[in-house]
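For reference, the structure is listed below as structure tokens.
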Amino acid sequence: MAKRDYYEILGVSKGASDAEIKKAYRKKAIEYHPDKNPDNKEAEAKFKEAAEAYEVLSNPDKKARYDQFGHQAFEGGGFGGGGMNMDDIFSQFGDIFGGAFGGGFSGFGGGGQRRAKGSNLRIRVKLTLEEIANGVEKKIKVKRKVQAPGTTYKTCATCHGTGQVTRIANTILGRMQTSAPCNVCGGAGQTIDKKPADADAQGLKVVEETVSIKIPAGVVDDMQLKVSGKGNDAPGNGIAGDLIVLIEEEPHQKLQREGDNLHYDMYISYPEAVLGTSKEIDTVTGKVRIKVEAGVQSGKILRLRSKGVPNINGYGRGDLLVHVNVWTPKELNKQQREFFENMMNDDNFTPRPESSDKSFFEKVKDMFS
Ligand SMILES: [Zn+2]
């Protein structure tokens, strides 16, 4: 099923302020709240949909990515972006409702226990332009907390293993029964029975693990990718946090990226411009030789189709734009000086732009239209 536009889901315009987005989400969350719509699958779907929209639009990084790439910004090859689970949704609520809802809800999702989630880890991955253009699998060493072998757990005496403590609270929806995570076991339903000496208070210890990360072709500087379950483990029967991978693009010596297109500055000599030549140039898939016609004008842009960066959303591949620069020597010997002085008065060397020769701005306009 195609996802609806996040702005449309919340009923706000693209230019809506943070406060407007928050207010709109608050309204939707109350309207479709599971406690107000028991056993209503449609309301549940809308509740989740609104939460997901808010999750993105309330985060400046995610919002910027969404504005640029749409839903596909979070669906890069093999990453567990996309939908939110109820734990994620409820964890938003402290922010939205000032903690009125506490952690969990009564009677939601068939009474399933809320599982504690381990914390997320963040790493920065530097990629070359070639790696970005071709996609790459990176093996990265990550220090993460895992459950220490030998740790044993027992049922929490406070919440009797449910992970939640039920209480009656006055909320913005009126008086209702809410459940908050048990503060003895942190919502895990279990407490530590025995643990080895090298484990921390939660029965976890830090290990170095090699995590394999598939980076899809076309990622952008500052983009974040999520590898589910590769963050820190949670104690007991909790679920592991995520590994957030921040993409950093290393500058290329010869190629400059502009979205999916690449630019290359090619330098040719005066004789080469006059007589024509062929030149080897760098591309993200290796070197290619290109032909330069005799009489080429300085500033001409040669376009190599589909030699740029693949679009992250799968919309084909950008182009490589080769800019022709004629190299002018600063010093001449006597013979060279005489040659050019003769040419100075030669009618053939007088600039005579043809009417079909477009200005630089017209050429650039054509290129991107
Ligand atoms: Zn407990």
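The values are calculated or read from the model by the stated rules, or taken from the named source; none is laboratory data. Every value quoted in this text rests on a predicted model; they were computed, and no experiment measured them. Positions of Cβ are generated from backbone atoms using ideal geometry, with glycine treated the same way; all protein chains shown enter the neighbour counts. All accessible areas refer to the heavy atoms of the entire protein, side chains included, with ligands and DNA or RNA removed. Shrake-Rupley method; radii C 1.70, N 1.55, O 1.52, S 1.80 Å.
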| query | What pairs can you find where one residue is in region 115-128 and assigned by TED's automatic domain parsing to the domain that holds GLU208, the other is in a strand (DSSP E or B) and loosely packed, with under 14 Cβ neighbours inside 10 Å, and their Cβ atoms are less than 6 Å apart, with a gap of 6+ or different chains? | reply | ARG124/GLU248; LYS126/GLU248
| message | Looking at region 278-295, I want the residues that are open to solvent by 50 Å² or more (accessible area, probe 1.4 Å) and have a partner that is not in a strand (DSSP E or B) with Cβ atoms under 6 Å, at least 6 apart or on another chain. Which pairs are those? | response | GLU293/GLY276; ALA294/LEU275; ALA294/GLY276
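Each row is one residue, and each column tells you yes or no for (1) open to solvent by less than 30 Å² (accessible area, probe 1.4 Å); (2) assigned to a strand (DSSP E or B); (3) within 8 Å of the ligand (Cβ to nearest atom); (4) not assigned by TED's automatic domain parsing to the domain that holds ALA240.
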| position | (1), (2), (3), (4) |
| --- | --- |
| ALA169 | yes, yes, no, yes |
| SER179 | yes, yes, no, yes |
| VAL184 | no, no, yes, yes |
| GLY187 | yes, no, yes, yes |
| ALA201 | no, no, no, no |
| LYS205 | no, yes, no, no |
| GLU208 | no, yes, no, no |
| query | Restricting attention to region 141-167, which residues are away from the ligand (no atom under 16 Å from the Cβ), more than 29 Å from the chain's Cα centre (by Cα) and crowded, with 16+ Cβ neighbours inside 10 Å? | reply | GLN147, ALA148, THR151
| query | Looking only at region 145-181, which residues are modelled with pLDDT of 85 or more, in contact with a Cys (Cβ under 7 Å, 6 or more places away or on another chain) and of a type outside the set (S, T, N, Q)? | reply | CYS156, CYS159, VAL165
| query | Residues of region 228-261 being within 20 Å of the chain's Cα centre (by Cα), under 23 Å from LYS287 (Cα atoms), outside any loop (DSSP other than H, G, I, E, B) and in contact (Cβ under 8 Å) with a residue 24 or more places away in the chain, which ones? | reply | GLU249, ARG257, ASN261
| Hey, GLY78 modelled with pLDDT of 85 or more and part of a loop (DSSP other than H, G, I, E, B) or not | no
| task | Being within 16 Å of THR178 (Cβ to Cβ) and touching a Phe, Trp or Tyr at 6+ places or on another chain (Cβ under 7 Å) is the filter; apply it to region 33-45 and report the residue that is most open to solvent (accessible area, probe 1.4 Å). | result | ASP35
| Residue within region 46-63 that is within 22 Å of SER179 (Cβ to Cβ), part of a loop (DSSP other than H, G, I, E, B) and over 22 Å from the mean Cα position of the chain (by Cα) present | no
| Just a yes or no: is a residue in region 225-235 among the hydroxyl-bearing types (Ser, Thr, Tyr), touching a Gly at 6+ places or on another chain (Cβ under 6 Å) and within 16 Å of the ligand (Cβ to nearest atom)? | no
| task | Among what's in region 120-140 and is out of contact with any Pro (no Cβ under 8 Å at 6 or more places or on another chain) and assigned to a loop (DSSP other than H, G, I, E, B), pick the residue that is most open to solvent (accessible area, probe 1.4 Å). | result | ASN120
